[in-house]
Amino acid sequence: MNPSHIEHIGIAVADLEASISFYERVFGLKCYKIEDVPQQKVRTAFFLVGQTKIELLESTDPEGPIGKFIEKRGEGIHHIAFAVKNIEEKLKNAEKEGVKLIDATPGEGAEGLRVAFLHPKSTGGILIEICENKEHTSSPVNLK
């Protein structure tokens, strides 16, 4: 698949505002963006740690993927996301290698990324998201 970098680590949270406060107070991080992603039924908040982002995910629908995740497992790490170029090609190649896809075609994610998920049953129990940013596919986010 040859990802360029870890795009972000997704963490499921029950209370976005309380979690933002925790990361700001305890780690001294600054939340640089809060965004609703209706297609994923989540509200997200982002922090930059070095060259990697932390994405906090709060469910906007108890029947959405994050709502179900928290109900079943509680809060915690939900997924790891890798940045790739040519996401459609990467999905086809993964499927040829026997990886079960959650998303056969990319959808719209936070921060304008095109995203698709690989099923944990094919990835050693880890939900993996692959992301493509048409504008900046080869390097992490650059915040000013």
Estimated [θ] at 222 nm from DSSP helical runs (n ≥ 4, -39500 (n - 2.57)) normalised by residues in the chain, nearest 500: -6500 deg cm²/dmol
Heavy-atom accessible surface of the chain: percent carbon and sulfur, 1.4 Å: 50
Cα-based Rg of the chain normalised by 2.2 N^0.38 Å, two decimals: 1.02
About the Cα centre, charge dipole magnitude for the chain (Lys/Arg +1, Asp/Glu -1 at Cβ), debye: 360
Per residue solvent-accessible surface (Å²) - the stretch 11-137, probe of 1.4 Å: 55
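Pull up the DSSP beta bridges for the chain and report the antiparallel fraction as a percent, rounded to 5. List each step's numbers first, then the result.
Numbers: 28 of 38 bridges.
Within the chain, antiparallel bridges account for around 75 percent of the total.
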Cβ crowding within 10 Å averaged over residues, with 80-91, 63-74 ranked highest first: 80-91, 63-74
Cut-off under 5 Å, modelled amide H: who pairs with Gly10 long-range: Glu55, His78, His79, Ile80, Ala81
Interchain or long-range residues, amide H under 5 Å from His119's placed H: Lys100, Leu101, Ile102
Environment charge of Leu91, counting only residues whose C-beta is closer than 13 Å and scoring Lys/Arg +1, Asp/Glu -1: -1
Hz values of 3J(HN,Hα) by residue in the stretch 105-119 - Karplus curve (6.51, -1.76, 1.60), Gly and Pro given as x: 10, x, x, 8, x, 5, 6, x, 6, 8, 10, 8, 10, 9, 6
Top positive-direction residue, dipole computed over the chain with Cβ charges, set Ile66, Leu91, Ile102: Leu91
Environment charge at Gly64 (Cβ cut-off 11 Å; Lys +1, Arg +1, Asp -1, Glu -1): -1
Environment charge of Ile102, counting only residues whose C-beta is closer than 11 Å and scoring Lys/Arg +1, Asp/Glu -1: 0
Reachable lysines, given that their alpha-carbon falls under 18 Å from the alpha-carbon of Lys41 and they are not under 8 places away in the same chain: Lys33, Lys68, Lys72
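The values are calculated or read from the model by the stated rules, or taken from the named source; none is laboratory data. Remember, predicted model here, so these are calculated numbers, not experimental data. Counting neighbours? That spans all protein chains shown, and the Cβs are built from the backbone with ideal geometry, glycine included. Accessible surface is based on the protein model in full, side chains and every heavy atom, while ligands, DNA and RNA are left aside. Shrake-Rupley method; radii C 1.70, N 1.55, O 1.52, S 1.80 Å.
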